[in-house]
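Step one of this worksheet: look at the structure below.
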Amino acid sequence: MLTSMTGFAARTGGADGFSWSWELRSVNGKGFDLRIRMPEWLGAMEAELRKQVGASAARGSISLNLRIAREAGDTGIEINEVALSRILEAISQIEERAGATGVNLTPASASDVMNFRGVMDAPQNREASEDLLNALRADIAPLLASFNEMRAAEGASLHAVLSRQLDEIETLTTSAQGLLGDRAAEMRSNFQAAIARVMDSRAEMDEARLAQEIAVLAVKSDVTEEIDRLHAHISAARDLLTSGAPVGRKLDFLCQEFNREANTLCSKAQNAKLTEIGLALKVLIDQMREQVQNVE
């Protein structure tokens with residue numbers, strides 16, 4: 001079955017005095033592009049996140065966001081002794097320099113010192129505990145399972161749509177094939193009538209020359225190969241739909257080939273019904289290609 005590049009999953013959790021929310025989403029992309037947004041102090045997890053998401057998705061523009069915060073009522077604020085010593089030493093030096101030059105400064109208050117960056121240290125700014133990391137890691141597998149479940153459901157819908165479109169393309173191709181016999185007779189009749197209008201009389205027409213011109217015209221307007229290739233593309237596309245592998249790029253290439261044959265069919269048609277079938281094929285192929293853009 002097919003897998004869609006479009007997917008979404010969300011999950012919330014809490015442990016070690018923290019609460020968090022995961023959000024994983026993906027949209028169409030030419031290749032695999034994973035963007036992770038999470039606090040810097042949890043950066044140690046990024047490598048394993050990339051590995052696990054990469055094992056689940058082969059293609060798509062994917063974003064993984066983690067928002068995490070201390071639970072209400074648990075601030076966990078502590079004094080960073082190193083930062084405090086550095087700030088107090090700097091204040092002392094400034095006051096000494098100011099006094100030496102006769103500049104009077106207002107003494108710094110405790111609240112002033114607390115507002116300097118790094119003095120009051122929250123656990124979010126330190127390394128995460130192993131308990132917290134393990135709790136976050138435990139969320140990844142179910143998050144990916146939910147994500148892949150949605151992509152598989154979307155893929156099943158795409159499979160049904162593409163199968164139906166291939167059936168319609170096959171019906172049109174078979175109809176075009178059925179027109180070839182009548183079309184050959186019609187082309188011969190039209191060609192004879194056109195020559196007869198130019199010649200003075202039917203009796204003066206060179207039968208050998210006529211046969212030669214009709215043969216040349218038949219070769220130039222023969223669409224048998226185009227119809228055979230359309231049947232081959234239909235068979236190849238159906239095999240891809242059931243392969244179970246990421247086939248989005250291959251299906252996209254096949255759509256280009258489908259469109260090439262439909263264009264040639266229209267240009268060679270010289271028959272109203274065949275032209276109508278060629279145009280209908282082009283519309284269907286465009287619709288199919290739009291759906292293929294969602295396939296992984």
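The values are calculated or read from the model by the stated rules, or taken from the named source; none is laboratory data. The model shown is predicted, which means the values in this text are computed figures rather than measured ones. Using ideal geometry, Cβ is built from the backbone for each residue, glycine included, and neighbour counts are taken over all protein chains shown.
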(request) Name the one entry in 63, 4, 26 that is surrounded by fewer than 16 Cβ atoms within 10 Å (Cβ to Cβ) and either more than 34 Å from the chain's Cα centre (by Cα) or closer than 30 Å to residue 149 by Cβ (or both). (result) 63
(request) Taking the options 100, 9, name whichever one is at pLDDT 95 or above and aliphatic (A, V, I, L, M). (result) 9
(request) From the list 146, 163, 175, pick out the single residue that is of a type in the set (S, T, N, Q), at pLDDT 95 or above, under 30 Å from residue 271 (Cα atoms) and assigned to a helix (DSSP H, G or I). (result) 163
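Looking only at the stretch 29-54, which residues are under 27 Å from the mean Cα position of the chain (by Cα) and among the charged types (D, E, K, R)? Explain how you work it out, then say what you get.
Going through the stretch 29-54, the residues under 27 Å from the mean Cα position of the chain (by Cα) turn out to be 29-39, 43, 45-54.
30, 33, 35, 37, 46, 48, 50, 51, listed by residue number.
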(message) Filter the stretch 111-126 down to the residues that are assigned to a helix (DSSP H, G or I) and either closer than 30 Å to residue 16 by Cα or modelled with pLDDT under 75 (or both) and list them by number.
(response) 111, 113, 114, 123, 124, 125
(request) Considering only the stretch 275-289, state which residues are under 17 Å from residue 233 (Cα atoms) and either outside any helix (DSSP H, G or I) or not aliphatic (A, V, I, L, M) (or both). (result) 278, 282, 286, 287, 289
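Being touching a His at 6+ places or on another chain (Cβ under 8 Å), of a type in the set (A, V, I, L, M) and either at pLDDT 95 or above or outside the structural domain of residue 171 (by TED's automatic domain parsing) (or both) narrows it down to one of 254, 240, so name that one.
Numbers: 240 fails: touching a His at 6+ places or on another chain (Cβ under 8 Å).
So the residue among 254, 240 that is touching a His at 6+ places or on another chain (Cβ under 8 Å), of a type in the set (A, V, I, L, M) and either at pLDDT 95 or above or outside the structural domain of residue 171 (by TED's automatic domain parsing) (or both) is 254.
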(request) Take the stretch 29-57 and flag every residue that is surrounded by fewer than 15 Cβ atoms within 10 Å (Cβ to Cβ) and under 20 Å from residue 244 (Cβ atoms). (result) 54, 55
(request) Go through (1) among the hydrophobic types (A, V, I, L, M, F, W, C); (2) more than 30 Å from residue 157 (Cα to Cα); (3) modelled with pLDDT of 95 or more one by one and return the number of the condition residue 44 breaks. (result) (3)
(message) Can you list residue pairs whose Cβ atoms sit under 8 Å apart, with the first residue in the stretch 90-104 being within 26 Å of residue 119 (Cα to Cα) and the second being hydrophobic (A, V, I, L, M, F, W, C) and part of a helix (DSSP H, G or I)? Count only pairs 6 or more apart in sequence or on different chains.
(response) 91/113; 104/98
